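For reference, the structure discussed in these notes is given below.
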Amino acid sequence: MSTTTARALEPQPVVPDLRAVALNLAARGWPVFPVRPGAKKPPVFKRWPDHASTGPARIHQWWDQDPARNVAIATGPAGLCVIDLDPRHMNPPATGFTDALTRLTTRSTAPPPVTWTVATPHGWHLYYQAPDTPRLPCTIGRLADGIDTRSHGGYIIAPGSRTRRGDYAVVADHPVADLPTEFVALLTPPPPPPASRLPATATHPDAYLAAILAGEAHLVTTARVHLRNHTLFRSALVLGRLVAADEISEHQAHTVLSDAAAVHVGVEGFTSGEADRTIANGLRYSRSRPRYLQR
């Protein structure tokens, strides 16, 4: 038998029909959008939340343009909360799916219900139906080390997609279960303060201080995508010095910056959790350098 014949008889890797993947997910009511071939970011569209769709005509158009595009699901509009288990970032690193699931179980009184599960290049995605209210954000490490979530403001790469680091594949084809109420409570953002949530820049009586707050908020809101984290961190340093001098409260500084950064959430993978972490780091690093305003 020739080498060529022998190779022909070997099982060949199955190349997924990513157009069909997108159409099947859309038929579930999950808005999808294309991601660059072989990658999990960035999306093809900068403002992907405005483009995610369940419409077959639009999906055909996207994959007519490039059949190799990966598929992403907009988790918030899909009504999903996807728990992302990454054993590499657990402490200590998990040794497999059962071990990783055990880390999640430590945050609840019962094991999480069996649900639709996808293997990722580095872990697993557990798909759960999110409640209509409260509106759950994306989180990083809130449930435990190495356990993130994707819901409103986020997206996940769909099974069938392929990357250089590995592929995404369904490993448990169960119905999507409801997110346990214990996890809903853990992932619910804290309630707003009882006072009116007008921007802090509009409620402070000191015009000079209000101008500083408005200026930093403007810098964050208008930052370019590749500079937004740097800009947000720099603005957190500026406002952190005012916090250290008791010119404003930490809550007020965080509110100004998180409200300003909200425009970036959902754009090219940016999450509210990432914004909160950047703000917290900037405020913390400024504690030893108070800035007192002359009045």
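The values are calculated or read from the model by the stated rules, or taken from the named source; none is laboratory data. Quantities reported herein were computed from a predicted structural model and do not represent experimental measurements. Heads up, the Cβs are rebuilt from the backbone with ideal geometry, glycines too, and the neighbour counts pull from every protein chain shown. Just so you know, the surface numbers come from the protein's heavy atoms only, side chains and all, with ligands and any DNA or RNA stripped out. Shrake-Rupley method; radii C 1.70, N 1.55, O 1.52, S 1.80 Å.
Kindly list the number of the only condition in (1) of a type outside the set (Gly, Ala, Ser); (2) open to solvent by 30 Å² or more (accessible area, probe 1.4 Å); (3) under 11 Å from residue 233 (Cα atoms); (4) touching a helix residue (DSSP H, G or I) at 6+ places or on another chain (Cβ under 7 Å) that fails for residue 279.
Result: residue 279 fails condition (2) only.
Out of the residues in segment 253-276 meeting the condition of being surrounded by 15 or more Cβ atoms within 10 Å (Cβ to Cβ) and among the aliphatic types (A, V, I, L, M), tell me which one is farthest from residue 40 (Cα to Cα). Show your work before the answer.
Quick first cut of segment 253-276, residues surrounded by 15 or more Cβ atoms within 10 Å (Cβ to Cβ) only: 253-261, 264-276.
Next cut, among the aliphatic types (A, V, I, L, M) only: 253, 256-257, 260-261, 265, 267, 275.
On the way: 253: 33, 256: 31, 257: 28, 260: 26, 261: 23, 265: 17, 267: 13, 275: 20 Å.
Applying the filter and picking the extreme gives 253.
Each row is one residue, and each column tells you yes or no for (1) at positive phi; (2) at pLDDT below 90; (3) outside any strand (DSSP E or B).
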residue	(1), (2), (3)
141	yes, yes, no
156	no, no, no
160	yes, no, yes
170	no, no, no
184	no, no, yes
194	no, yes, yes
213	no, yes, yes
220	no, no, yes
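Can you tell me which residue within segment 50-105, out of those that are touching a Gly at 6+ places or on another chain (Cβ under 8 Å) and among the polar types (S, T, N, Q), is farthest from residue 180 (Cα to Cα)?
Checked segment 50-105; the qualifying residue farthest from residue 180 (Cα to Cα) is 70.
Would you check if residue 175 is modelled with pLDDT of 90 or more, open to solvent by 70 Å² or more (accessible area, probe 1.4 Å) and farther than 24 Å from residue 48 by Cβ? Break it down into steps so the answer makes sense when it comes.
On the way: modelled with pLDDT of 90 or more: yes; open to solvent by 70 Å² or more (accessible area, probe 1.4 Å): yes; farther than 24 Å from residue 48 by Cβ: yes.
When the stated conditions are applied, residue 175 passes them.
Scan (1) modelled with pLDDT of 85 or more; (2) assigned to a helix (DSSP H, G or I) for the single condition residue 289 breaks and write down its number.
Every listed condition holds for residue 289 apart from (2).
Is it the case that residue 150 is of a type in the set (Lys, Arg) and within 22 Å of residue 33 (Cα to Cα)?
Values: of a type in the set (Lys, Arg): yes; within 22 Å of residue 33 (Cα to Cα): yes.
Yes: the conditions hold for residue 150.
Residues in segment 113-143 that are open to solvent by 20 Å² or more (accessible area, probe 1.4 Å), in contact with a helix residue (DSSP H, G or I) (Cβ under 8 Å, 6 or more places away or on another chain) and among the hydrophobic types (A, V, I, L, M, F, W, C): how many?
Here the count works out to 2.
Residues are listed down the side, and each one gets a yes or a no for (1) surrounded by fewer than 16 Cβ atoms within 10 Å (Cβ to Cβ); (2) closer than 22 Å to residue 21 by Cβ:
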{"residue": "41", "(1), (2)": "yes, yes"}
{"residue": "45", "(1), (2)": "no, yes"}
{"residue": "53", "(1), (2)": "no, yes"}
{"residue": "59", "(1), (2)": "no, yes"}
{"residue": "67", "(1), (2)": "yes, yes"}
{"residue": "75", "(1), (2)": "no, yes"}
{"residue": "78", "(1), (2)": "no, yes"}
{"residue": "83", "(1), (2)": "no, yes"}
{"residue": "96", "(1), (2)": "yes, no"}
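For a quick check of your reading of the model, give me the residue pairs whose first member lies in segment 216-242 and is more than 11 Å from residue 261 (Cα to Cα) and open to solvent by 50 Å² or more (accessible area, probe 1.4 Å), whose second is assigned to a helix (DSSP H, G or I) and among the aromatic types (Phe, Trp, Tyr), with beta-carbon atoms closer than 7 Å and at least 6 apart or on different chains.
As it stands, the answer is 237/285, since those pairs meet every condition given.
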